[in-house]
Each structure stands twice: as C-alpha cells, then as structure tokens.
Amino acid sequence: KLHSDLDKGVGTVKYTLSGDGAGTVFTIDETTGDIHAIRSLDREEKPFYTLRAQAVGVDTKKPLEPESEFIIKVQDINDNEPKFLDGPYVASVPEMSPVGAYVLQVKATDADDPTYGNSARVVYSILQGQPYFSIDPKTGVIRTALPNMDREVKEQYQVLIQAKDMGGQLGGLAGTTTVNITLTDVNDNPPRFPKSIFHLKVPESSHVGSAIGRIRAVDPDFGKNAEIEYNIVPGDGGNLFDITTDENTQEGVIKLKKPLDFETKKAYTFKVEASNLHLDHRFHSVGPFKDTATVKINVLDMDEPPVFSKPMYTMEVYEDTPVGTIIGAVTAQDLDVGSSSVRYFIDWKNDVDSYFTIDATEGTIATNELLDRESTAQYNFSIIASKVSNPLLTSKVNVIINVLDVNEFPPEISVPYETSVCENAKPGQVIQTVTAADKDLSPTGQRFSFRLSAEASNKPNFTVHDYRNNTAGIETRRNGYSRRQQELYFLPVVIEDSSYPVQSSTNTMTIRVCRCDSDGTILSCNVEAIFLPVGLSTGALIAILLCIAILLVIVVLYVALRRQKKKNTLMTSKEDIRDNVIHYDDEGGGEEDTQAFDIGALRNPKAIEDNKIRRDIKPDTLHFPRQRPPVEDNTDIRDFINQRLQENDVDPTAPPYDSLATYAYEGNGSVAESLSSIDSLTTEADQDYDYLNDWGPRFKILADMFGEEESYNPDKVT
C-alpha cells in the first residue's frame, strides 16, 4: 500500500505505478494506493521486481512528491521436487568386493530457494536394491552393503534411489532415479575338467601335425580371467602328441607329432593339465588354479599302402651294357596285419622311361635299350608299388640311374690347329702350347700324354715337350727357318688318354714361317712378302723417308725464293722520282680515284641534303705500275683544286666532300707530320722546306721539288 502525507482522503491525490511488471504483473489503485498482483508469481522464474511510485494532484496533474522506488521480493514456497539431471546411472564394481566398497555418487538438484526454509534441503535413500547396496543420505554416495558378492551367482543389479526435500520430512517433494550396477569379473575360479578321463580314437593313417581330438576345461570366469593354458604332463606317450589352446573356444587341441603305427603300438595314455594364464594373488588361498585329466588314445588299424625300404634309390650302369642286364632292385612291403603281396611298375611319363623295365613281382630293374652316356648321363623316373589285395593303395619312390662312361673316344687337340714360327727362331724356343679334349668322362679325371709320331721323330725341325699336366709345348729344333725354302711345316702330334682301353689320335698341326723383328713380333706372314728385297732393315727405310722429306723442303724453299725475286724485279729503285710522285698521288686521291670518296658529291653539292655523314675513307696504299708524272706541268690540277676550294668557301653548309678532305689524313702517324697544304697557314706565308735536305738521300727529290715550286707558286700544295 502506498500513501502520501498530502492525501487527506478527499480524492485530490492520484497514485501511479511504473517499472518491472507494472500493469502486467502488478496494478495500483489510483485513489487508495493499494498494490495488487494480477497473476501468479514464480520465484524460480523471477525472484524480485523493481517498481517506482508517485503521487500526482488530480486537478493540477503535477507530482505532489518526488518519485520513490521500491522492490517487491517473491517469497519462496516448496513447489519444486528434487531432480536427478544425470540419471539413470550405470556403474560397476568388482565382484567379491568388501563391504563399503565405493560404487557411484548420485546428485539431485532442487530449484527452490536454498536460503529460505528446507525447501531445497535434499535427503537420499534407497527404495530398491537392499541389502546389497547402501547410500549416504547427505552425499548420495552408493557403496556395497554385502561382502563377497559373486558375479557367477548374480551379475546385474538395479537400484532405485530417492531424493526428498524438506529434509526428508513429511510433506516434502521427492524425485527418483535408477542405477544399474554390474559386478565385474575377477579370477576367483580355477579351471575344472568336467570329467577325469577323455577317450579318443585315432586312425593310424593320420598325418603328422593334424588335429586328432579336443578336450575342454570349464572356467566360470569371464574374459582374460577365463583364458586357459593346456600342457601334456611328461609320461607315457606324451612325446608323440602335442596340445595347443583354441583362443576362440578355450579348448585344448591335441595334435600328432609323430606318425602312428597300429602294428607297433595300439594305445597311448597321458595326462593333460589346464591352468589359468592370469592369476589374482588375492585368491591364492582358494587353492591351485589348475586341474588335471587323463587322455587315452586308441590307434585304429587302417589298410595302408606298401612301404619302400628306402626313400630314394640310386643305381649305376655302364653305357653300352647289353639289353636285359639287371642293374638293381627296389623293395616294398605291406606292414598291415595279414600282409598282402606287392606289385611293381614304372610310372611312365615320357619316352625316356622306356629305357628300363622292372619285374612286377621281384622289383628288379633291367636295361631295355643300349645306353649312351654322351647322349644322356642320368635317368630319373618313379616306381609305383601297389597291394595285390587293394590295388588302389599305392606308394611311389624315385629312382636315379647314373650312366658310367666307357672309354670309346680318343682325345683331340683343342684349337688352334695352326701356329707360326719366326725365321730368326732359336733352337728350343716354344712357339705354341697345346691342350687336349676328350668326349669321354672319366670318374677319376682325364690324363693326356703328348708325343711326336714315329715318322716325324727323325726330322730335325720341331719337337713336342709333354709338361705332364695335360698340356704340351711345340719347340723348335733348328737355328732359323727360311720362307724361301719352305713356308709351311706339318707336325703330326699323337695324344693318348689314361682310361681303359687306351685311346689315341694323331693330330696334324700346321706351322707357318713368318718374318719377325728382333723381339719376335711377327711382321708378315704373307706369301708376297717373300719377294721383297732381303736385308732392308727398318732403320734404312726411315733414312730413305727422311731424305725424301728434306728434298721436298728444298724444292718448296727454292720455288718461294724464285717468286719473291720475280716480285722484286717488278719494283723500281727507291731513288726513282716516280716512286715518290705515284705514292703521294695515290694517297691524295683524284678524280679517277672513286674508291677513296664519292666523286658524285663533287659534281652535285646538293647531295648533302640526303646524307650529311662524312664519308671520308683513308686510302689504301696501291701499287700501280709506276709511271713518271709530269713534275712541272701541274697547272690543271692546281686550278681545279682552287676552283673547288672557292666554291666550298662561299657555301657555309657544304661539308668537305671534295678531295681536299682526304688530305686531312695525309701523313697521319708520321714523324714529319702532315705535308698537306690544308694544315698550312691561310695567310700564305712563306714556309721553309730546307729541313727536307736533312732527312737523307731518300727525300732529296722531294726537297728539290718544293724548292723549285717556291720560285713561281706561293701555294704549297702537294
């Protein structure tokens, strides 16, 4: 309720309300100032509201007092039950755990105000799951309540937990959740065989390594705690068998280590032990975690094929042995009770097997054709033995027959059959080492001997030296050989082997006489070389070649000197005046000299408009046939030059294209510098040319020329 001191109760004051929820949640009576809630309030939605109130005059519409602010706080009531936000829960605890073993902690949340009353004070309790588990009323921690809970007895437990506010008092609100608890396995049970004796029946024909039976011990544990290892206890028959564990079924698989024979032993007895791989030390007091059972194996008699006395037969026979000769025998017998007779036959695979036959009853092997070691040295085929009582039962064995060699081929000389000897050979010189080859194969290795034939032993040309290591040397017996007398020699060599019977052959070697140098290097073995001059040595040939080369050099020098002399005779003496005049005419150029400059520019001065680049060319020294020019009569040339000089002097734009331009290069690089009049003084002052007389006789004529011109011409132009 709001009230102003200025309100006298006569209706002159009006109350207004603004702020949170004004007009929607709260309203005010304008005359009395009473504040009312127009809808239900929820503290969990909004715990307080901030409002502003003011008293206004009814007539003036103006505030009578300053605006005042106040807070309306929503008082909590117990209208929310506790809730398990994370439920339902799943937990596990090892089996055989002691009382009070921790399992899980649950937590419930109450939305009511925890600072006001007991509306938010929660208490936990178990509605379902006793007496196996307990819960702390305040913390919600679940623990085991019974000792030695066995997973093998019961594995799953469902516990119903209640959370109640108001401290658990009457009238409080409650919420529940479910906790599913699983007992995890521990290795608390040893493996046990369901029976003490296992009987197995095994055929004697079982293969080594094959599984002949299975036994199983039962372990109620789970996972790795139920893994079992099987072992055969050493004793009777244990060395013939082995046992392994099937990882999927945890069964013991008994396998055969050695072949069984009913005729030798009909039954075997041994013990098998089953034990856990992963032991838990907490349960050692329970007893040994293993069990033992007896296994009895009865061997069943089977109708088996014959058995050969050897796994393989090897025989030998000489080549060319007569057909029908027995070379060996194979033996097979039936080991079953009431043994049956055995029949033998060759396993035909190709035509090679037809070289031998076998007696079907006795098993003797004989030749069926003549054998040749050089064609086939070894035969490999199979013989099959079958029982008369049951022909389908057969066994097979390999037979290898080696054909022994008979000495039937004589030895022969290995290549080469031809060699050479130098004309200057000395007695006792080895010209060739020979070896031999034999198609026969002696078991002890071949030994060959070499010698000359009887008819060649008396000839004094060559001999054979046997080195007694299956090689021999051909040696000379003369001091020098002549190709003119005899070019080829034929030497018969007899070779014998050491086998029986002894075989020998005569091999003829061809020896060619060749010309060699002093070191024994062959120079020529051709027949044409015989007709060359005798006694001409290498030194003589070199001397002849040097003489020919010297003669060629002399001829070349002579021809060169002749050409030089002829060239010099065309030149005149340096004292001749023509030499100097022609030389300077060439250097200066003229109207007919079109190579030094473009003469068209002299005739057409307007050519400068098209090309303003100076095209002066330094003239090359030309050696023309010297003609003596007129020395005194040079008036035309002087007048032509003066006329061109005047034309260019009055034309300021004309470049020096005339022949005067080439004089700028006259005498460039000379000690005396340029003699051209272009570099002379424009005042035409007298110049002294007397220094030319000091240069020697070569410049005497030039000095005389300029000395004469000074007398009648003031211009000094050359």
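The values are calculated or read from the model by the stated rules, or taken from the named source; none is laboratory data. Because the structure is predicted, anything quoted here is derived from the model rather than measured. So basically every Cβ, Gly included, is an ideal-geometry build from the backbone, and we count neighbours across all protein chains shown. Just the protein is used for accessible areas: all its heavy atoms, side chains included, with ligands, DNA and RNA removed. Shrake-Rupley method; radii C 1.70, N 1.55, O 1.52, S 1.80 Å.
About its Cα centre, the dipole of the stretch 116-175 is roughly 200 debye, where the only charges are +1 on Lys and Arg Cβ and -1 on Asp and Glu Cβ. Taking all protein chains as they are arranged and a probe of 1.4 Å, the heavy atoms of Trp348 leave approximately 150 Å² accessible to solvent. Overall, the accessible surface of the stretch 49-94 at a probe of 1.4 angstrom is composed of carbon and sulfur to the extent of 51 percent.
Listed by chain and number, the lysines placed with their C-alpha closer than 24 angstrom to that of Lys565 are Lys574; residues fewer than eight positions away on the same chain are left out. Shown is the FRET efficiency for Lys565 and Asp690, computed with R0 = 35 Å from the Cβ-Cβ distance and rounded to the nearest 0.05: 0.35. Extending 7 Å from Cα along the Cβ direction at Lys459 and again at Glu487 yields two label points whose distance is 1.7 nm.
Length available on full extension from Leu85 to Val430: 0.36 nm per residue minus the Cα-Cα distance, which gives 112.6 nm.
Return, ordered by residue number, the residues of the stretch 277-317 whose backbone nitrogen is under 15 Å from a label point located 7 Å along Cα→Cβ of His199. 294-300, by backbone N distance to the label point. Within the assembled protein chains, the solvent-accessible surface assigned to Met149 is about 20 Å², based on a 1.4 Å probe.
Take every pair of alpha-carbon atoms less than 8 Å apart whose residues are at least six positions apart; their mean separation over the length of the stretch 97-150 yields a relative contact order of 46 percent. For the stretch 48-161, averaging the sequence separation of C-alpha pairs within contact (under 8 Å, six or more residues apart) and dividing by the residue count gives a relative contact order of 22 percent.
Inter-label distance, Ser524 to Ser309: 7.9 nm, where each label sits 7 Å from its Cα along the C-beta direction. Working ranking of peptides 167-175, 103-111 by packing, defined as the average number of other Cβ atoms within 10 Å per residue, highest first, is 103-111, 167-175. This model, with +1 at the C-beta of Lys and Arg and -1 at the C-beta of Asp and Glu, gives the stretch 230-286 a dipole about its Cα centre of some 180 debye. The accessible area of Arg515, taken with all protein chains in place and a 1.4 Å probe, comes to roughly 90 Å². Relative to the present Cα-Cα distance, how much length would full extension add between Val555 and Ile326 at 0.36 nm per residue of separation? That pair, Val555 and Ile326, stretches by 72.7 nm at full extension. Approximating the spin labels as points 7 Å out from Cα along Cα→Cβ, the Arg478-to-Lys266 distance works out to 9.8 nm. Ranking of Val56, Val99, Val399 by solvent-accessible surface, largest first: Val99, Val56, Val399 (1.4 Å probe, protein heavy atoms only, all chains present). Here's the picture: charge each Lys and Arg Cβ at +1 and each Asp and Glu Cβ at -1 in the stretch 40-101, and of Ser92, Ala53, Gln75 the one pushed furthest to the positive end of that dipole is Ala53.
Counting only protein heavy atoms and a 1.4 Å probe, the stretch 227-272 has 53 square angstrom of accessible area per residue.
The magnitude of the dipole of the stretch 323-459, with charges of +1 and -1 set on the Cβ of Lys/Arg and Asp/Glu and taken from the Cα centre, is near 340 debye. Across the stretch 331-420, C-alpha contacts under 8 Å between residues 6 or more apart give a mean separation that, scaled by the residue count, equals a relative contact order of 25 percent. Evaluate the Kirkwood expression for the hydrodynamic radius of the stretch 143-218, namely the inverse of the mean inverse distance over all pairs of different C-alpha atoms, and round to one decimal in Å. The Cα-based Kirkwood calculation yields 18.7 Å.
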